[in-house]
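Asks: Here it is: the structure, laid out below.
The values are calculated or read from the model by the stated rules, or taken from the named source; none is laboratory data. It should be emphasised that the depicted structure is a prediction, and the values quoted were computed from it without experimental measurement. Ideal geometry is used to build each Cβ from the backbone, glycine not excepted, and the neighbour counts take in all protein chains shown.
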Amino acid sequence: MIRRNLPVLLVLLALWPLDWALGRALNAYYVQIIVLIGINVILATSLNLINGVTGQFSLGHAGFLAIGAYASAATTLRLGIDSTALLPVSLLVGAAAAALAGLAVGIPTLRLRGDYLAIATLGFGEIIRVVILNTDAVGGARGLGGIPVLAGFGSVYAGAVLCVVALWRVMYSQRGAAFFAIREDEVAAAAMGIDTTRYKILAFVIGAFWAGLAGGLLAHFIGYLHTNSFTFLRSVEIVVMVVLGGLGSLTGCVLAAAILTVLPELLRFGAEYRMVLYALLLIAIMLTRPSGLLGGREILPWRSWNSTPAR
C-alpha cells in the first residue's frame, strides 16, 4: 500500500517548492494560465467519468462547478478562514455539496438516456445559476466578493493529481469495468447482473464531487464569483475537452484541457477574430481526429498506477 502510493505522495510534496519557484520565475499572467489548466484538468477528467466512461451525456457540469464554488466560498467567509492550512475544510464542504446535488439530480434523471438526459442536466445547470443569481446571501446579481485568495499552484495541482489518480483507480479496477460495460451496451450490462442505474448515479456523484472541488479552488484563486462564469457555454467547453481528448481517455482529457486553456491565449493576436480562429482550429482537429486526440487510449500504462485487474 505504501509503495503503491509513494509516487503520488512524492509528487504532492514537490508541488509546493515548485509553486515557490514559479512565483519567482514567471509573472502573474503565466501563473494564472497554469493554474487554470489545473482546474480544467479536474473538470474534464471528472466529466469524462460520466460522459466518456459511463456513456451518459451530461450538460450540467457547470452547475456542479457553481455549487462547489459558492458553497466553499460561503464556508470560508462564514467561518472566517484565512489560512491555506484550513482551506481543505472549505473545499470539502463545496465538494460534498456538489456531490449531494449530483445525487439529487442523478436519482430522477439517470433513468433517461441520450438527448433526454442532456436536456435534463442542461436544465439543472441553468436552474442552479438562476437560483444563485437571485440569492442575496451569496451575492446575487452583484456577485460574491471578498473571498480570501488562499489557492495557488500548489493547492490546485494537488487537487488535480488526487483527482486523476482517484479516477484512474476507479476506472481501471474490477468495479470500474461496470462503467465501461454500461457505455458499450446498457441492456447487455443489465442482463449480466449489473445494476446500471446504481452505477450511473455513482458516476454522477463522483464526477460532481470533483467538479465541486474545482469550483472551490477556482473561488479561492480568483477571489470573486459571478454567475456569468457558470453558464451553459461553460458546460459545453468542458464537454469539448472530453470529446477532444478522446471519450474514455483520462490522459487524453488532461492533454485536451491544457490545449484548450492555452489556445485562446495564443490566439489573442487576432483580437476580434480570436474566437473565430479558435472555433476553426477545433473543427480542423475534430475533422482530422474524429475519435479525439488519443481515441480512448491512455498515454501511461495503467498497471503502474493500480494493483487491481483491468476490465
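Asks: Are any of the residues in region 246-260 touching a residue at least 40 places away in the same chain (Cβ under 8 Å), surrounded by fewer than 20 Cβ atoms within 10 Å (Cβ to Cβ), within 15 Å of the chain's Cα centre (by Cα) and under 28 Å from Leu77 (Cβ atoms)?
Replies: No - not one qualifying residue is present in region 246-260.
Asks: Does Gly207 satisfy the condition of being buried (at least 24 other Cβ atoms within 10 Å of the Cβ), farther than 19 Å from Leu36 by Cβ, at pLDDT 90 or above and not β-branched (Val, Ile, Thr)?
Replies: Judged against the criteria, Gly207 is a match.
Asks: Here is a list of conditions, (1) without any contact (Cβ under 8 Å) to a residue 12 or more places away in the chain; (2) more than 15 Å from Gly212 (Cα to Cα), and Pro88 meets all of them except one; can you say which number that is?
Replies: Among (1) without any contact (Cβ under 8 Å) to a residue 12 or more places away in the chain; (2) more than 15 Å from Gly212 (Cα to Cα), the lone unmet condition for Pro88 is (2).
Asks: Would you point out which residue out of Arg274, Arg303 is among the charged types (D, E, K, R), at pLDDT below 85, part of a helix (DSSP H, G or I) and surrounded by fewer than 15 Cβ atoms within 10 Å (Cβ to Cβ)? Talk me through it step by step, then tell me what you get.
Replies: Numbers: Arg274 fails: surrounded by fewer than 15 Cβ atoms within 10 Å (Cβ to Cβ).
Going through Arg274, Arg303 in turn, the sole match is Arg303.
Asks: Do we have Leu103 as over 14 Å from Pro148 (Cβ atoms) and surrounded by fewer than 18 Cβ atoms within 10 Å (Cβ to Cβ) here?
Replies: Criteria met by Leu103.
Asks: Does Val164 meet the test of being surrounded by fewer than 20 Cβ atoms within 10 Å (Cβ to Cβ), modelled with pLDDT of 90 or more and in a helix (DSSP H, G or I)?
Replies: no
Asks: Here's a follow-up. Working only within region 15-47, note down all residues that are at pLDDT below 95 and either within 19 Å of Trp168 (Cβ to Cβ) or not in a helix (DSSP H, G or I) (or both).
Replies: Answer for region 15-47, where residues must be at pLDDT below 95 and either within 19 Å of Trp168 (Cβ to Cβ) or not in a helix (DSSP H, G or I) (or both): Leu15, Leu26, Asn27.
Asks: Looking only at region 133-161, count every residue that is aliphatic (A, V, I, L, M), over 30 Å from Thr251 (Cβ atoms) and part of a helix (DSSP H, G or I) and tell me the total.
Replies: 4
Asks: Would you mind finding the one in Ser72, Ser58 that is under 23 Å from Ala258 (Cα atoms), hydroxyl-bearing (Ser, Thr, Tyr) and in contact with a Gly (Cβ under 8 Å, 6 or more places away or on another chain)?
Replies: Ser58
Asks: Now for a separate question. Given (1) among the β-branched types (Val, Ile, Thr); (2) surrounded by fewer than 19 Cβ atoms within 10 Å (Cβ to Cβ); (3) out of contact with any Ser or Thr (no Cβ under 6 Å at 6 or more places or on another chain); (4) more than 29 Å from Leu150 (Cβ to Cβ), where does Val243 come up short, assuming only one miss?
Replies: Result: Val243 fails condition (2) only.
Asks: Just to be sure I understand, how many residues within region 56-74 are at pLDDT 95 or above and either of a type in the set (S, T, N, Q) or not in a helix (DSSP H, G or I) (or both)?
Replies: Matching residues across region 56-74 total 1.
Asks: Of everything in region 195-220 that's assigned to a helix (DSSP H, G or I) and without any contact (Cβ under 8 Å) to a residue 60 or more places away in the chain, which residue is nearest to Ala101 (Cα to Cα)?
Replies: Leu202
Asks: Consider Leu26 carefully, then state whether it is surrounded by 14 or more Cβ atoms within 10 Å (Cβ to Cβ), touching a residue at least 40 places away in the same chain (Cβ under 8 Å) and either touching a Gly at 6+ places or on another chain (Cβ under 8 Å) or not aromatic (Phe, Trp, Tyr) (or both).
Replies: When the stated conditions are applied, Leu26 does not pass them.
Asks: If Arg129 satisfies every condition in (1) part of a helix (DSSP H, G or I); (2) crowded, with 21+ Cβ neighbours inside 10 Å but one, which is the exception?
Replies: Result: Arg129 passes all but (2).
Asks: Hey, another quick one. Can you tell me which of (1) touching a residue at least 12 places away in the same chain (Cβ under 8 Å); (2) out of contact with any Asp or Glu (no Cβ under 9 Å at 6 or more places or on another chain); (3) not hydroxyl-bearing (Ser, Thr, Tyr) is the one Gly63 doesn't meet?
Replies: (2)
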